[in-house]
Amino acid sequence: METNKLFALAILTLAIFSQIAMISAQKEITYPNANPGTSLTSSLVVQVLKYEPYPVSAGEWFTVYLKVENIGQEDAKNAKFTLVPEYPFSSTDTLVKEYGTIFGTKHGYYSGYPEDSSQVILKYRVKVADNAPEGTSDLKLMIQSNKNDPSGVSVTTLLPIEVGKTKTDFDVVMQDSTTQGTAFAISNIGNNDATAATVSIEPQDNVNITGARSSIIGNLAKGDFTTVSFQILPNTNLNEVSVKIDYTDTAGVRNTLIKKVPVSIDSSFGNLTNIKSASSSAKYYYLVFGIILGMLILFVYRKIKKKK
């Protein structure tokens, strides 16, 4: 008699874990009812509703929304969901989210409860590693229900997240320095187009600018380049300038890059103050020379007239 009970218990345990393994692969986790002699189960289906932005980008944060629905007959009591971020994902968000009861069809909306009483929406903030590979990576979610019951096992499900290469890169070099300003060449050396790009000179020591500090360059396709100029005043201690580039990537995400650009600005160029001062001085000298010349001509004229 005792042997038969042990044999029946072993068969039941094997069936339970076989069912869990099979269904969890389909993102559906089934928990047997704790009451012996019944066949009712709670069955939780996990679905990735969306994640923003899509696709996610290496080095960026994204928000993922998960829908968990109980399609089984029995209620899922003490439901607990734990995000287990592993490479290429990480998170500083609250990873454990606990719920009371997610109603099943036996006691849920089929019996007069609101429809959303059989489901919950989970929201997590997740960061993608800077060196994340392109393609699909799995985000791990651990699910537990009926934790006070003998059948309160934990099941882990993998949720696919698409990691794309949406960003690009730029090369910035100084071209020349003239009275028109210091010109920089901006090249899109990445693998994607950039839209709504702007270039700015960051506030920094030894860098004084007359005029605008930013310039809109618009769209810059992969492999294209353009030039921008800024009126940077010469400084003997100035050998490097921080150039900021803001652009929108192919996923619609705004990105910022800071480039350190070596510069050498000729002291005779770019200094509008000196240019204006020199121009004013020249006008003054011309005026004095004109007056002296006029007086000289007048003096000669009077001498000639007096002799006559």
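Bear in mind that the values in this text are calculations on the coordinates, not laboratory data. Nothing here was measured: the structure is a model prediction, and the numbers come from that model. Don't worry about glycine lacking a Cβ; one is built from the backbone with ideal geometry, like all the others, and counts go over all protein chains shown.
Between Y54 and any residue 5 or more places off or on another chain, the built amide H atoms are never under 5 Å apart. Rounded, prolate or oblate: which fits the range 170-262 when a ≥ b ≥ c are the square roots of the eigenvalues of the alpha-carbon gyration tensor, with rounded for a/c under 1.5 and prolate only if a/b beats b/c? It is prolate, given that a/c is not under 1.5 and a/b is the larger ratio.
Relative protection proxy for 177-190, 89-102, from highest mean packing down: 177-190, 89-102 (other beta-carbon atoms within 10 angstrom).
Long-range amide H contacts for L122: which residues qualify at under 5 Å (H placed 1.01 Å from N, peptide plane, sequence gap of 5 or more or a different chain)? So L122 has HN proximity to L66, K67, V68. For N146, the amide hydrogen comes within under 5 Å of the amide hydrogens of K77, N78, A79, counting only partners 5 or more places away or on other chains and with H modelled in the peptide plane.
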